[in-house]
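Below is one structure; the comments refer to it alone.
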Amino acid sequence: MEQPRVGGRHRMTDAYGRNMTNAEKANYYSLSPRDALAYDLKNLRNIYKNAGLYNEMLPQLRQYARQYIDYMPNIFGKGVR
């Protein structure tokens, strides 16, 4: 996700900077790794949908999820908490 010096979609994510309240951060940081990945992917999907880029970005989002699962299957694999 691009992050130029000014602007950029990365700054639109929930987990960026001060985009979450302290309560939201506490909830986010209490998620299992698998649930945190799902949360982040849903957040990215919404950002790309609002930008009209969802269909273009869907293959990359799927690849991103697969890479995490392949890289750390003991953390992100099905049924793991």
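Data overview
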{"quantity": "Any pair with Cβ under 8 angstrom, 6 or more apart, that starts in the stretch 2-28 at a residue that is over 17 Å from residue 61 (Cα atoms) and assigned to a helix (DSSP H, G or I) and ends at one that is of a type in the set (Gly, Ala, Ser) and at pLDDT 90 or above", "calculated": "28/36"}
{"quantity": "All positions within the stretch 53-66 that are of a type outside the set (A, V, I, L, M) and surrounded by 15 or more Cβ atoms within 10 Å (Cβ to Cβ)", "calculated": "54, 64"}
{"quantity": "Residue 55 under 14 Å from the mean Cα position of the chain (by Cα) and not acidic (Asp, Glu)", "calculated": "no"}
{"quantity": "Residue pairs meeting the criteria (Cβ under 9 Å; at least 6 apart or on separate chains; first farther than 15 Å from residue 38 by Cα and modelled with pLDDT of 90 or more, in the stretch 54-69; second surrounded by 15 or more Cβ atoms within 10 Å (Cβ to Cβ) and of a type in the set (Phe, Trp, Tyr))", "calculated": "54/48; 55/48; 56/48; 57/48"}
{"quantity": "In the stretch 29-52, the residues that are surrounded by 13 or more Cβ atoms within 10 Å (Cβ to Cβ) and either in contact (Cβ under 8 Å) with a residue 40 or more places away in the chain or not in a helix (DSSP H, G or I) (or both)", "calculated": "31, 33, 34, 44"}
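The values are calculated or read from the model by the stated rules, or taken from the named source; none is laboratory data. In this text the structure is predicted, and so the values were computed from the model without any measurement. FYI the Cβ positions are ideal-geometry reconstructions off the backbone, even for glycines, and counts take in every protein chain you see.
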